[in-house]
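Undergrad: Quick one: the structure is below, questions incoming.
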Amino acid sequence: MAEEFAVRMVDITKTFGQVKANHKVYLELKKGEILSLLGENGSGKTTLMNMLSGIYFPDEGQIYIDGREVTIASPHDAYKLGIGMVHQHFKLVDVLTAAENIELGLPGGAVVDRKAVGRKVREICDRYGFSVDPDKKVYDMSVSEKQTLEIVKTLYRGANILILDEPTAVLTPQETEKLFAVMRNMRNDGKSIIIITHKLNEVLAISDRVTVLRKGEYIGDMDTAKADARALTDMMVGRTVTLNIQRDEPVQPQRRLEIRNLTVKDAEGVVRLDDVNLDVYAGEILGIAGISGCGQKELLEAIAGLQPTVSGSSVKYRPTGPDGPAEELVGQDPRSIAEKGVRLAFVPEDRLGMGLVASMTLVGNMMLKEYRSGKSPLVDRKHPHDMAQQIVQELEVVTPSIDTPVRKLSGGNVQKVLVGREIAMTPSVLMTAYAVRGLDINTSYTIYNLLNEQKRRGVAVIYVGEDLDVLLQLCDRIAVLCGGRLNGVLDGRTATKEEVGYHMTALQNDRKEAGA
């Protein structure tokens, strides 16, 4: 009788110093199956998959591939066993073509037989429904094309077992549906697929089974046909979690920011944000939707004084409403903006490069913010200490202590510290870029509730997100960016996911949008 399981991982244990990332974890992946791997931040999902793909080596336990016990000591060992992992952050060389990236690192030297590579790539594409141009440079590709290339590269190298880490994180709904169609084709062809994701609606839509980890241990698995979002969440968290985003109607919203003719060029003179006109209101959550790289980063950084703008651009801050005095933010740096009394909080996309100092402790990062606001860290250490302690408790940050350097925390816990610190500064404008990226569903809903609480307090909240379901549930209005241009402002209560996705990919007639 043929072996039913492509992968069996038995009693897998992995320890990093005092931290037990995985403890006697059990996982089974059937042949021709799509398995979702779920768990909160720090539950050990990525560590487990890193052992299956050869990045880490288990301290204890056994791994069986097609019923045979194997040793996977490196990614090369994994590839020889037909295992390939597509990471959330792509491993591609921008200046090379698709064919050159596919061949990179394979035996055969530096000379690439482009015809042979192109022929095999086309065979893979025709078989599963991909679309890849072997001669296209990576820097000319969209995010979706890069991800497709990563999967094709893995299949080209003979993978029968694929691990996809957050595969839909930066895709539009239309691109996600295309990916799911390809995944089903691969499953039907006998491929075995593991996906790591936090999007429960996608888990229920694409997977055959779900395996749940909690605090580094195996909790159980369930057929997706018998599962629902609440049951899976309860398994992940260990208690009942409310999966509702409460969206109150804005109460007497007042215009807080007036953005006019905002244009940003990069160092090479390429326009990244093109003549954007938009109003932001106190007491509302304004969502920003768009494919990655369409100007979201430049928009928030220009408001925060971190991006130079083109002459004629304007961002006016009105602390008391549309008829009150206005402060021009364009041309000001963050310190000057703060000195004008503008209480602006910013959760940037780059957590450690821009948001926090990796080598400093949690307390140190709280002190840094207070120092910037004009308070001396030599005078008051108690408030930053209390703030750090409060954030750890309220957001359930997993850390040995508040004196632990931030660089030693997991990505999800770093994000909790950053979001908690910015909200604790009692801002009048709160801007967040991918505030829940990498966070488990329990913490994500905690963040949504915090943003709603800020809205109720009269804060103008700008929320850049990639999950359209959340944008439609959380936001009062959704401004859509396409190619650096404002491509419509939609009502969050009446817009559909397909409508938002269409605006993300197809420019509408030229027009300036400043309101609804």
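Conditions (1) touching a residue at least 24 places away in the same chain (Cβ under 8 Å); (2) under 19 Å from residue 82 (Cβ atoms); (3) not small (Gly, Ala, Ser), marked per residue:
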position	(1), (2), (3)
121	yes, yes, yes
124	yes, yes, yes
129	yes, no, no
132	yes, no, yes
135	yes, no, yes
142	yes, no, no
151	yes, yes, yes
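Undergrad: Ok, one more. Among the strands (runs of 3 or more DSSP E) lying completely within the stretch 202-295, list those that include at least 1 residues that are at positive phi.
TA: Values: elements: 209-214, 217-223, 254-265, 271-282, 285-289.
The qualifying strands (runs of 3 or more DSSP E) are 217-223, 254-265, 271-282.
Undergrad: Also: Answer yes if at least one residue in the stretch 219-239 is of a type outside the set (S, T, N, Q), in contact with a Gly (Cβ under 8 Å, 6 or more places away or on another chain), more than 23 Å from residue 169 (Cα to Cα) and buried (at least 20 other Cβ atoms within 10 Å of the Cβ), and no otherwise.
TA: No.
Undergrad: Just one of 41, 22, 50 is touching a Pro at 6+ places or on another chain (Cβ under 8 Å) and either in contact (Cβ under 8 Å) with a residue 12 or more places away in the chain or assigned by TED's automatic domain parsing to the domain that holds residue 180 (or both); which is it? Lay out the reasoning, then the answer.
TA: On the way: 41 fails: touching a Pro at 6+ places or on another chain (Cβ under 8 Å); 50 fails: touching a Pro at 6+ places or on another chain (Cβ under 8 Å).
Checking each option against the conditions leaves just 22.
Undergrad: Another question, then. Among the numbered criteria (1) in a loop (DSSP other than H, G, I, E, B); (2) out of contact with any strand residue (DSSP E or B) (no Cβ under 7 Å at 6 or more places or on another chain); (3) under 21 Å from residue 168 (Cβ atoms), which one does residue 152 miss?
TA: With (1) in a loop (DSSP other than H, G, I, E, B); (2) out of contact with any strand residue (DSSP E or B) (no Cβ under 7 Å at 6 or more places or on another chain); (3) under 21 Å from residue 168 (Cβ atoms) applied to residue 152, the lone miss is (1).
Undergrad: Criterion first (in a loop (DSSP other than H, G, I, E, B) and either over 23 Å from residue 343 (Cα atoms) or assigned by TED's automatic domain parsing to the domain that holds residue 460 (or both)) does residue 298 satisfy it? Can you show your working first?
TA: Working: in a loop (DSSP other than H, G, I, E, B): no; either over 23 Å from residue 343 (Cα atoms) or assigned by TED's automatic domain parsing to the domain that holds residue 460 (or both): yes.
Judged against the criteria, residue 298 is not a match.
Undergrad: Scanning the stretch 197-218 for residues that are surrounded by fewer than 20 Cβ atoms within 10 Å (Cβ to Cβ) and hydrophobic (A, V, I, L, M, F, W, C), which turns out nearest to residue 14 (Cα to Cα)?
TA: So the residue we want is 204.
Undergrad: Could you check the stretch 183-197 and list, in sequence order, the residues that are in a strand (DSSP E or B) and among the hydroxyl-bearing types (Ser, Thr, Tyr)? Let's see the steps before the verdict.
TA: From the stretch 183-197, those in a strand (DSSP E or B) are 192-196; that's our starting set.
Within the stretch 183-197, just 192 meets the criteria.
Undergrad: If I filter the stretch 64-78 for residues that are closer than 28 Å to residue 409 by Cα and in contact with a Lys or Arg (Cβ under 8 Å, 6 or more places away or on another chain), do I get at least one hit? Walk me through it before giving the result.
TA: Just the residues of the stretch 64-78 that are closer than 28 Å to residue 409 by Cα, to begin with: 72-75, 78.
From what is left, the residues that are in contact with a Lys or Arg (Cβ under 8 Å, 6 or more places away or on another chain) are none.
Checked the stretch 64-78: no residue is closer than 28 Å to residue 409 by Cα and in contact with a Lys or Arg (Cβ under 8 Å, 6 or more places away or on another chain).
Undergrad: Then there's this: Right, residue 135: assigned to a loop (DSSP other than H, G, I, E, B), of a type in the set (D, E, K, R) and over 12 Å from residue 34 (Cβ atoms) or not?
TA: Yes, satisfied.
The values are calculated or read from the model by the stated rules, or taken from the named source; none is laboratory data. This structure is a prediction, so every number in the text was calculated from the model and none was measured. Virtual Cβ from ideal backbone geometry, glycine too; neighbours counted across all protein chains shown.
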